[in-house]
Each structure stands twice: as structure tokens, then as C-alpha cells.
1. P(r) for the stretch 626-665: what percent of alpha-carbon pairs falls in each 5 Å bin, starting at zero?
2. Across the stretch 180-252, what fraction of all alpha-carbon pairs, as a whole percent, falls in each successive 10 Å bin from zero upward?
3. Work out from phi, with θ = phi - 60° and the Karplus expression 6.51 cos²θ - 1.76 cosθ + 1.60, the ³J(HN,Hα) of each residue of the stretch 132-144, listed in order in whole Hz, and give x for Gly and Pro.
4. Positive end of the dipole of the stretch 540-662, charges at C-beta (+1 Lys, Arg; -1 Asp, Glu), about the Cα centre: which of M547, V582, G642 has its Cα farthest in that direction?
5. Can you give me the long-range amide H partners of L269? Hydrogens built in the peptide plane at 1.01 Å from N, cutoff under 5 Å, separation of 5 or more residues or another chain.
6. Compute the Kirkwood hydrodynamic radius of the stretch 114-245, taking the inverse of the mean of 1/r over all pairs of distinct Cα atoms, and give it in Å to one decimal.
7. Just the projected area, averaged over all directions, of the convex hull on the alpha carbon atoms of the stretch 588-665: how many nm²?
8. What is the set of long-range amide H partners of A196 at a cut-off below 5 Å, with H atoms built 1.01 Å from backbone N?
Amino acid sequence: MSEPTSAIESVLVENRVFPPSEDTVKNARIAGMQAYEALCAEAEKDFEGFWARLARENLQWSRPFTQTLDESNAPFYKWFADGELNASANCLDRHIGTPVENKTAIIFEADDGAVTQVTYKELLARVGQFANALKARGVQKGDRVLIYMPMTIEGVVAMQACARIGATHSVVFGGFSAKALHERTIDAGAVAIITANYQLRGGKELPLKSIVDEALAMGGCDSVKTVLVYERTASAWNRVEGRDVTFTEALAGQSTECAPVPVGAEHPLFILYTSGSTGKPKGVQHSTGGYTLWARQTMLWTFDLQPSDVFWCTADIGWITGHTYVAYGPLAAGATQVVFEGVPTFPHAGRFWEMIERHKVSIFYTAPTAIRSLIKAADSDEKVHPKNWNLTSLRVLGSVGEPINPEAWMWYYRNVGGERCPIVDTFWQTENGGHVITPLPGATPLVPGSCTLPLPGIKAAIVDETGKDLPNGAGGMLVIKRPWPSMIRTIWGDPERFKKSYFPEEMGGTIYLAGDGAVRSEDRGYFRITGRIDDVLNVSGHRMGTMEIESALVAKTDLVAEAAVVGRPDDLTGEAIVAFVVLKRPVPTGEEAKQLANELRNWVAKEIGPIAKPKDIRFGENLPKTRSGKIMRRLLRSLAKGEAITQDTSTLENPTILDQLAKTN
Ligand code: WT7
């Protein structure tokens, strides 16, 4: 990268521009802005032809498609609907007989630092064998399989094996509670659960299998016939006879060859639950054809993946980033990738930098929250500063999950990327399947804090409530005006909610509403995401519904009468969860308040998972409400931030509650 074009060095100024170096442009897949614009023009001129070309170039079809986009039942769009393919074949079999077959597919680094590698050929054999084990347990095309696994090669194998036999997987992040697992098992009607006895994170053994047992004991999960248990550690676990089987037992005697089952392009590859603005998580359903196409294409475009690259996406397979950029994209693109079991701060906060050096990582993709916590660690301990490691293998850096503040961007750019590596600030969502707005390493001039421009074929825009385009500089709602292949197909079992959540009638019912606010810069038309416009929070890059946390709190019926949850900006986690609680007892103070706040935090961790724990809990004898009884959330947001109240509070029944709710515990 060349020097910033602006001389102003203050990290608070966001108008600095970092164009790609000539060298980066020369060797890039999309070389220069003209190349990017040419692709955009191609999509503009012949939208369907453009996508059909990409679908043919990126994927191997066992039955070629003849239709590209079917809009007859919008917003239930169909892509390549009469074509057939298999996602696992497109990640593994496609490389057999090519130089990639003996290439390392996965470099696995365990929590304790042990390294294991598998080639594409070996991975294919492991996936085939696992697929046969699933079949032997009666799992068939169309069945749903729940995966509750640690970050391991086995986790990726489990996902690929489901895809291979046409079973739809639903991965649940290993940090979610038994209750969350229970809800998702029932909603998906899973026939099997794939889990591990324990997961290893930061030197600790954390249970998984016992949480599965707890979830299944809650009842209503009769559809689950099998629980497959990967014995990650030697620790004992409780076996339920007739239902539980270890990986070793299930794989014994199974052939490593399993023909991939061709499925229709629209066949659901997976369901992934995410938070919405109501209490119930949404099962986002993705397709096989369109999704796999975009997983591969964005690897090539956004990361400019080259055959010699070592790619590392630090996301867990429990999130969409771990689906698209661990389990599918890198494999479909024939990359060598690092899969990491542990956490960035164990055994020290230089672990990421040490691993980049050890495995000669060339493309590194992580979340702003991780960067911010590692900045903090490096500031307080020189020994874990990235300068202590050789990071010259790096050539492209990525950011995902939340807006990256310009300060963190600059630190990442200088201290990790050596002012040499472009940072792709990739904006997308669980519902998008893959990147939608992002810079391209060899084309886009970068502006810290901006995700820049939509990928070719993605018709992103900023509109008002009626769907009318807004000019650059005016903040509005982010939408995508045309369907794209990797978009959400429906909410599992709830097509009405799908329509209501994403395709507002006021905008005509066919435009995808992202749920984020955004603004385009006056000069370049670059997008900057300003945050969610619904009741969804982004805590450390994880989506949390405020209603979900409120429901969890009021479920503690012996203690809680009413609760309201809002977000407030947090230097480390982006947003922090603040809960305002009315108890069924007098407002507590001092030690009692602290103790009750902790009790509620642990309760929420049990109901949803530790990531949903409120950072700050406030008690009051009531919540601020309007005359009609509506909670004044705006007021709560001000209280959460510790701001002086400037809003009109004349409608409050009892203004003294504001003083109560201003106090943290
Ligand atoms: C929400 C989606 C798919 C990535 C992992 C999170 C926020 C995501 C960015 C970015 C600003 C971002 C948005 C979005 N977000 N990436 N580069 N810049 N905001 O997926 O859990 O579905 O959350 O994350 O608010 O709506 P998710």
C-alpha cells in the first residue's frame, strides 16, 4: 500500500484514503477499479447472465441448470432451481485429480498448541466415512442434524458429511445453553445431534455432551434418535444406552467412500439461528447452489485468494462466518486454511501473532472486538505486542462482525499489516450468506471505518421508510434492491416472519431490508454502517435480541416482575448489554443489589448463554413509561450511557425512578 493521501495523521479523522499499491493491483484477481467497475457493468447489463456465468464457473453441477433466477413467488426467490449439485462434492471431490488433492486443506492448532494437518484427499476420506456413519444411523437426505461441536477438524467434517448426504445441518455455537439448544432442536426437528464430550478453551475443559443431555431431558425432542459423541478429551461422560454412540464406534468398519447425493440447488444446505427483534431466534435457511457459489466466489474476490495462500478466519463454526469462511468457502476454493480451537488470549495475548508466524498465514480474517482486546493487551504488556513476531507472510487482512473504529483500523493496519496489507472491512449478515459490501484488496482505495462498496451484482442502496433512494451524505436504511444467490431463502418453519422481517410492504415487499442504518460518503459514495435500526444489539460481533434477554430475565418468575434491555457503546465489545429490572420486592441497594445482579447474570447465562449476560444491571421500582404504558427506551438508552436526561419526562408517573435506574450495581 502507498502512503495515505492525506497528511493529517490524527486517528480521529476518517478522510484518509489508502489506495492499493501498484504491486497489489498488478497481481490481483480483480485488478484495479476499472476491473471492478467492468464486473458491476456486466451485472447491470445482464443481471441473470452475470450470475449464471459465475454459477457455471464456480460450481460443478451434476445436472446443469437452465433457469437462473425465478422471481415468480417473490420474495421467495429461487436460483438455478432446476440444477443439481452437492456442496461437499464442490468442496472436496472437485479437487481430486488436480494438484490440490495432496495440498493441505486444514492446519489444525489445538488449544494446547498441538498441530495436525489434513490434505484434501484425507479430508474427503474422513468426510466420506463420517457420511457413511450417519447413513448407518438412519440419517437421510432432507433430515436435520444438529451440530454442537468445538472448533476442530471433526466439526468441519460433521458439516461436510451432512452436506454430502443431503442432510440439513444446524450448528449451535458451543457457548449456547441447554435451553437454547433445546429450542433449536425442537424447531428444526433434528433426528441426530453431533457433539463432543468436552471442548477445550483457554486450558479449560468445558462440557458439551452433558448440556445436550440436559437439553434432551427438557422433553419434546423425540425426533432425536442418535447422539454422536466425539471424545475430544479423556474425561468421562455419561452415556445414554441405545441413543449415544462415540465417533470411534460409529466410524468403525465404515468405508471412506461415499458418493455425494445430488440435491436441487434450492435444497436447504443448513439452518443457522440468529437473533431478531422478537424473543424467538430465527432459523435462517440457506440454499445449496447459491450459497456455495458465493462462498467460493467471495474467497476469490474479497480475499484475492491465490494458490499459495494460507488463509485463517478466526470465527467459530457456530456463527455464519465460520460456515462460509471455514467450513465451505476455503475448501470450495482449494485453500490451505488454519482452524484454531482455542482463544486469542491463551496462553498469552500474542497467540494470534504467534500462530500467524508459525503457519505463515497470508490472509487473516478476524473481528474488531478481538483486535480491540489485543490492542489493550499489547498496550499493557510489550511482550504480546505483534512486533515480537514475524508477520511478513501476511498480505491481506480482514475485519467482520461490527463496525471497526478508525483507531483500531489504524493499529491493525500498522502493527499487524506492516502498512503493507489492505484491510477488507467486510459487511454482511447471517442472512446474506457471504460478503455483500466490502473493499477488494487489489482495487478499492480504503477509508478506515468504511466497508466501501457493494460487490458486483449486489444492488445495495440507502433509502427512507418508503423505499425512496437517499442522496450521499444522508443517513437511512440499508437495503439490497435485487435478490442475490446466497441470500436467506426463508425462516425455517415461518415464511410469514421471513416476509415481515426482511421485505417490508411499505417498500413494495420485494426489497431486502438489512436492519442496519448506513450512510454513503459525499465524495466516493462509500458505505459506512451506523448500527442496527431494530432491537438487536451487537456485542463483540455477536447478535443479541434485546427481547430475547428480556424474556430470559422475566422467566425468573420468583424474582423479576419486569425488565427492559438496551445497548450502550462499549470501547471493547462495541456494544454492551444494560438491563433495567423491576423486582418483585423492594429496590435493593448495596451488597444485596450486587448479589442480585450477579444472580440475574448467571440466570441469563443459563437461559441463553454467557454471551448474553448483561454487563450492567439496574434496579428500580418501575420502568419509565408513557401514559399509554409504553417503555421509553430512548430514556433508558440515555440512562445506560450515563447521559443527562434531556427528553421530556413530564409523562412519567414517578420521576424518582430515574434516579434509581441511573445507579449501576
Ligand atoms: C450484523 C450481522 C456476517 C458477519 C458476522 C455477523 C453487523 C457485520 C459488519 C461490518 C459494520 C457489521 C451489522 C449486521 N456487521 N459486519 N463490516 N461493519 N457492521 O453476522 O451475527 O448476522 O450480524 O453485524 O450490524 O447487521 P450477524
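1. Whole-percent P(r) values from 0 Å outward: 6, 22, 37, 25, 8, 2.
2. For the stretch 180-252, the pair-distance distribution reads 20, 52, 26, 2.
3. 5, 5, 5, 4, 4, 8, x, 6, 10, 3, x, 5, 9
4. M547
5. The list, which skips near neighbours in sequence, is H286, S287, T288.
6. This gives a value of 14.9 Å.
7. 5.7 nm²
8. Residues meeting the criterion, in which the H sits 1.01 Å from N, are K209, Y230.
Taken together, the values in this text are just the output of simple stated rules run on the coordinates, not laboratory data. It should be emphasised that the depicted structure is a prediction, and the values quoted were computed from it without experimental measurement. Ideal geometry is used to build each Cβ from the backbone, glycine not excepted, and the neighbour counts take in all protein chains shown.
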